[in-house]
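Heads up: the structure comes next, in structure tokens.
The values are calculated or read from the model by the stated rules, or taken from the named source; none is laboratory data. Keep in mind that what you see is a predicted model, and the values were worked out from it rather than measured. For neighbour counting, all protein chains shown are included, and Cβ atoms are generated from backbone atoms with ideal geometry for every residue, glycine included. Surface accessibility is based on the protein's heavy atoms, side chains included, excluding ligands, DNA and RNA. Shrake-Rupley method; radii C 1.70, N 1.55, O 1.52, S 1.80 Å.
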Amino acid sequence: VLRQKECRAGSALVTGGVRAAVLCMPEDNSGPRVLDAYLPFSLRFDQPGVTDETRLSVQLQVRSADARLIHSRKALVRVTVGCTAEGWNEAEETFPAIQDPPEALQLKKQSYPLLLPSEQAEKAFVLSEELELPAGKPDAARVCFFDARPAVLESKLVGSKAVFKGVLDVHLLYLSPEGGADVFSQQLPFSQYCELRHEYDEDALAVVPAVTGAELEPDGEDGRRFLLTVQVTAQCLASAVRQEELCEDAYAVKGRFTPEWREYQLDCRLDGQTLRAPLQGAVK
């Protein structure tokens, strides 16, 4: 869960937490028990280019999790969290151009398309849905753990709006009145848009969703319906294609011409691909 992100001169700070649950069996074998835990974390990135005006985009992943017993009444939970952070600052670069060159000066020009980050914006929204266990599933006496992860499947720029669609993958682990464990999964579709400052046309859009809060409450006393509320922040990055014409070579047919060469480094994207592959394996 992402709680806060903050940029200061020379550093970026990301705070959040991990919701964890341990399902264990007591010594008297009276039935499974659940131990809940919340593990807060704080990550600091030192980067000289970060300023107070830097717009930060954050993606969090749980890379590993395990638990072990310390003694009969205490368990140790360890979680490894990965964080990908991208910071964006507004900058301006000027390319000198030769205006109205004389006929004796021959120029070789080339136009290059550059995909440059243009604008970063965010949209916070709430997904609220009533979940009901399907027929054939036992009633839920207690919810051990639930997980809700948003995934953006489609995104595009329409004028001054970043439009995106996706699904919220919900997974539920619960105990039945008889003490057995069961699981329930469901996908909830969503569609949202984010307002931008500029107009775009067929440009590139990247949307990174982040869960900032999640709650699951019983809806009724029959143990079959639940009310799920998830707070999501969509971090949108719009990139625009710009055609830049550069002079690559020059030749003077009269007199002497001495060019001055200069190198430019632009934070632009040359290529972007998304690869998907199915993973399968046998469980024994």
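Kindly indicate whether any position in the stretch 158-173 is surrounded by 14 or more Cβ atoms within 10 Å (Cβ to Cβ), among the charged types (D, E, K, R), free of Cβ contacts under 8 Å to residues at least 60 places away in the same chain and under 21 Å from D222 (Cβ atoms). No: zero hits.
Scanning the stretch 174-228 for residues that are outside any strand (DSSP E or B) and without any contact (Cβ under 8 Å) to a residue 40 or more places away in the chain, which turns out surrounded by the most Cβ atoms within 10 Å (Cβ to Cβ)? Per the stated criteria, the residue is S176.
Of all the residues in the stretch 26-63, those that are farther than 20 Å from R8 by Cβ, more than 21 Å from the chain's Cα centre (by Cα) and open to solvent by less than 60 Å² (accessible area, probe 1.4 Å) number 5. Going by the structure shown, is R3 touching a strand residue (DSSP E or B) at 6+ places or on another chain (Cβ under 7 Å), among the basic types (K, R) and either open to solvent by 80 Å² or more (accessible area, probe 1.4 Å) or farther than 14 Å from A210 by Cβ (or both)? Considered against the rule, which asks whether it is touching a strand residue (DSSP E or B) at 6+ places or on another chain (Cβ under 7 Å), among the basic types (K, R) and either open to solvent by 80 Å² or more (accessible area, probe 1.4 Å) or farther than 14 Å from A210 by Cβ (or both), R3 comes out as yes. L23 satisfies every condition listed in (1) touching a residue at least 40 places away in the same chain (Cβ under 8 Å); (2) open to solvent by less than 70 Å² (accessible area, probe 1.4 Å); (3) among the hydrophobic types (A, V, I, L, M, F, W, C) except (2). For E245, indicate whether it is within 30 Å of P101 (Cα to Cα) and either open to solvent by 100 Å² or more (accessible area, probe 1.4 Å) or of a type in the set (S, T, N, Q) (or both). So E245 passes the test.
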